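The values are calculated or read from the model by the stated rules, or taken from the named source; none is laboratory data. These figures come from a predicted structure and were not determined experimentally. Heads up, the Cβs are rebuilt from the backbone with ideal geometry, glycines too, and the neighbour counts pull from every protein chain shown. Keep in mind that these areas ignore ligands, DNA and RNA; they rest on the heavy atoms of the full protein, side chains included. Shrake-Rupley method; radii C 1.70, N 1.55, O 1.52, S 1.80 Å.
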Amino acid sequence: MDNLTSIFFGNLPKEFTVEQLKTIVQPFGVGYNMRIIPPKDKDLPPYGFVDMTHSEANLLLDYFSTNLIW
């Protein structure tokens, strides 16, 4: 799909899953290519990425700019 924006999710809980990431983004649209990246240093938290259309990404970012996830 063209015109996708990749959204970064940092400082995720250590046992965070792609399914949990999907639950977060689903109210705002379809997430493509969701992935959780484990840190090389086990003392650091994992991070993730989700690709979304520009308009859906803007909805998600607008919401989470004023609301905490956890």
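Structure values in brief
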| item | result |
| --- | --- |
| Pairwise FRET efficiency - N58 versus I36, Cβ, R0 = 25 Å, nearest 0.05 | 0.65 |
| Solvent-accessible area per residue, Å², over the chain with all protein chains present [probe radius 1.4 Å] | 69 Å² |
| Given charges at Cβ of Lys, Arg, Asp, Glu: the chain dipole, positive-most of V18, F8, L61 | V18 |
| Rounded to whole Hz, the Karplus (6.51, -1.76, 1.60) HN-Hα couplings of region 40-45, x for glycine and proline | 5, 8, 5, 7, 9, x |
| Rounded to whole Å, sorted largest first: equivalent-ellipsoid semi-axes of the chain, Cα gyration tensor | 21, 14, 10 |
| Cα-projected label distance for N67 with T5, points at 7 Å along beta-carbon direction, nm | 1.7 nm |
| Protection proxy ranking, peptides 12-25, 36-49, average beta carbon neighbours within 10 Å, highest first | 12-25, 36-49 |
| Amide proton proximity set for T5, modelled H, under 5 Å, gap of 5+ | M52, T53, H54 |
